[in-house]
1. Expected output is a single nm value to one decimal: the length gained when fully extending between Lys29 and His77, i.e. 0.36 nm times separation in residues minus the C-alpha distance. What is it?
2. Measuring from centroid to centroid over Cα atoms, what is the spacing of segment 61-115 and segment 1-54 in Å?
3. Summing +1 for each Lys or Arg and -1 for each Asp or Glu, what net charge is found among the other residues whose Cβ lies under 12 Å from the Cβ of Thr109?
4. Of Asn37, Asn64, Asn15, which is the most mobile in a GNM of the chain whose springs link Cα atoms less than 10 angstrom apart?
5. Once label points are set 7 Å from the Cα along Cα→Cβ at both Val115 and Lys9, what is their separation, rounded to one decimal in nm?
6. For the chain, what does the helix formula give at 222 nm: sum of -39500 (n - 2.57) over DSSP H segments with n ≥ 4, over the residue count, nearest 500 deg cm²/dmol?
7. Tell me, what % of the accessible area of the chain is carbon and sulfur with a 1.4 angstrom probe?
8. Accessible area per residue, 1.4 Å probe, Å², for the chain: what's the number?
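The values are calculated or read from the model by the stated rules, or taken from the named source; none is laboratory data. Computed from a predicted model, the values in this text were never measured in an experiment. Every residue, glycine among them, receives a Cβ derived from its backbone with ideal geometry; neighbour counts consider all protein chains shown. Protein only, heavy atoms only, side chains kept; ligands, DNA and RNA dropped before computing areas. Shrake-Rupley method; radii C 1.70, N 1.55, O 1.52, S 1.80 Å.
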Amino acid sequence: CAAAIASLKLFETENTFEKITAIEELHKKFCTVLKQNPKAKNVRCCGTILAFEIKSKNEYGYLNKIRDKAYQFFIRHKIILRPLGNTIYILPPYCIKPDDLKFIYNVITDFLKEV
C-alpha cells in the first residue's frame, strides 16, 4: 500500500497528466505515419499504448519469426521492445522525454525499411 500511495503522490507532485497527454499526442502522429506505411497493418493507439503488426508472408501472430529480427534490431539500437510475433507494442513510461520517444519511432521506421 505504501508503494501505491507513493505512486499516487507522484501524480499530484509532478506533471504526470501533462506527460500522458504529450505521449498520446506523439503516438497519434506516429499512428498516422504508420498507417501510410505498406509494411504496417492494424495500427492502433489507446492512450499511451501504441501497437501495430508487421506484414509478413509467413504466419501471423505470436509465432511469427520476424520477432527475432525485430528484437535484435531494437537491441542493437539500444531500445528494449519485446515484439510478440509480428506485433510491436510501445508502452513508454510516463517520464519518457519526447525526443526519446521520437528516437524509438525513428528506429521502428528504420526497421520497417529493412524488412
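1. Going from the current span to full extension adds 15.1 nm.
2. About 15 Å separates the Cα centre of segment 61-115 from the one of segment 1-54.
3. So the environment of Thr109 carries a net charge of +1.
4. Asn15
5. So the two model labels end up 4.3 nm from each other.
6. -17000 deg cm²/dmol
7. 58
8. 66
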